Amino acid sequence: MTMKKTLCLAMAALTTLATGSAWAQQTLRLGHYFATEDFRGKTAQYFADQINQHTDALNVDVYPNESLVKGREALQATSQGVVDIYSVYAGYLSGQVPLINIFSLPFPPPSYDDKAMYELALDSKTVALMDKTFARFGVKYLGVINSSGPAQLFLRNPARSVTDISGRKLRGAGGLSDVALRKLGASVVLLSAAEQFLALQTGTVDGISTTWSSYVNYGLADVAPTYLAATVVRAPYLLLMNKAKYDALSDQERDVITQAVNRTVEWSREHFATEQKALHDKVVAQAENVVEVSESDKTALREQMQPIYDSYVEDNGESGRQLMETWRRVTGTE
C-alpha cells in the first residue's frame, strides 16, 4: 500500500468519525404516567439526565403523562419494545406478576415506612427474585427509584371511618390492597391515574385510593373533598427495561445505567421527606373533611388483613415465603 493511499484511508476514517456515519448514538424511550412537575416525574427525569450526562453513547427521551404508554400497560409495552424503559407503580403489575404483591400488602403497620420499603426493595434477595421473575416477560428489572408514600383514601362524600367504605365503588391502588378494599365491602374499579378526576366528577367512582402527590397534582380536592387518613398501601415505583435492548448494551453502557439508578435513588430519598411534608400540608389544606383513624381501628384493620398476608405466601410458594420473611424483618414483626 502506497504512502498516499494510507494517508487517504486515514483521512477518510477521521472524516467518518467526525460526521458520525460510523457511530450512532442510541436513543432510549423512557415512559411514565406522571405530570412533569410531580415529584415522581422529576425523579424519572433525573434518572434520564444522569444517563445523558454520563455517556455520549446513550440518549434518554422522556415521555410523561402516559403520552407513549399507559401505566397499566407498562409491562407488556416494555416487553414488546414499544417503550424501552418504564417507571411504574408496583401495584399496576401485580395481576401479571403475583410475586410483586409483596409491595401491595394492605394496611401495613407504622413500622413499614419508606425506609423499610426501600430496605425490602433493595435487599439482594428481593432484587434477585424480581429480576428472575421479570426475565420471563423479556423485561430487565433495574430496581426501584422512588416511593409512592402512603396511598390513602379520598371520597366524594363524608365518612366517619374506614368501615364506611362498605357499599362504595372505589378506584383501587392495585394488587392485594384491592382485595382488602373488597374485604371491607367496597367494589373496586381499575383506573389509571389520569382517569381519576373525571371518574370522580361523573360519579363513576365514589372514591379512590391514591397518593398525596396525585391528590394535589391532579386537583382531586375539587371532586373528592373527604380525606380518610388510613394507609391502604405503600409501594415503590419500579424501573423496567426491555431485556433484549438491555442485553445488547455494552458493559460500560450497562454500568452507566446502574450508576444512574443508584444516584437517582439517593437523590429521591434525600428529597422525598421534604416533598411528602409539603404534599401532606396541601392535602389537609385542600380537603374539606379530614378523617383521622384511631390506633385501635388501625390495629383492628391489620388483624382483618392477616388472611390476605397468609394467602400471599400460599400463592407464591418458596419465593413468597422468602420475601415475606424479609418483609417481617424490615418491619420488625418477626
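Coordinate-derived values only; no laboratory data. Every value quoted in this text rests on a predicted model; they were computed, and no experiment measured them. Every residue, glycine among them, receives a Cβ derived from its backbone with ideal geometry; neighbour counts consider all protein chains shown.
Protection proxy ranking of 134-140, 24-30, 171-177, by the mean of other Cβ atoms within 10 Å over each peptide's residues and highest first, is 171-177, 134-140, 24-30. Can you grab the distance from the C-alpha centre of region 129-165 to the C-alpha centre of region 206-250, Å, no decimals? If you average the Cα positions of each part, the centres end up 7 Å apart. Under 5 Å from the amide H of ILE145 lie the amide H atoms of TYR237, LEU239, each residue being 5 or more positions distant or on a separate chain, with H modelled from the backbone and absent for Pro and chain starts. Looking at the chain, the DSSP beta bridges with both ends there are about 60 percent antiparallel. Taking one equal scatterer on every alpha-carbon of region 51-102, how large is log10 of I(q)/I(0) by Debye at q = 0.23 1/Å? For the requested q values the scattering log ratios are -0.89. Amide H contacts of LEU28: ASN59, VAL60, ASP61, each under 5 Å away and 5 or more positions distant or on a separate chain (H built 1.01 Å from N in the peptide plane; Pro and chain starts excluded). Computed on the Cα atoms alone, the convex hull of region 25-331 gives a volume of 115 cubic angstrom per residue.
With 10 angstrom as the radius, rank HIS280, HIS271 by how many other C-beta atoms surround their C-beta, starting from the fewest. Can you show the working numbers first?
Values: HIS280 18, HIS271 15.
Least crowded to most crowded, the residues run HIS271, HIS280.
Kindly flag which residue pairs out of LYS70/LYS132; LYS125/LYS245; LYS42/LYS169; LYS243/LYS277 have an alpha-carbon separation exceeding 28 Å in this structure. Cα-Cα > 28 Å for LYS42/LYS169; LYS243/LYS277; rest within. Fewest-first ordering of SER268, SER79 by other beta carbons within 10 Å of each residue's beta carbon gives SER79, SER268. By the count of other C-beta atoms within 10 Å, a proxy for reagent exposure, LEU191, LEU153 are ordered fewest to most as LEU191, LEU153.
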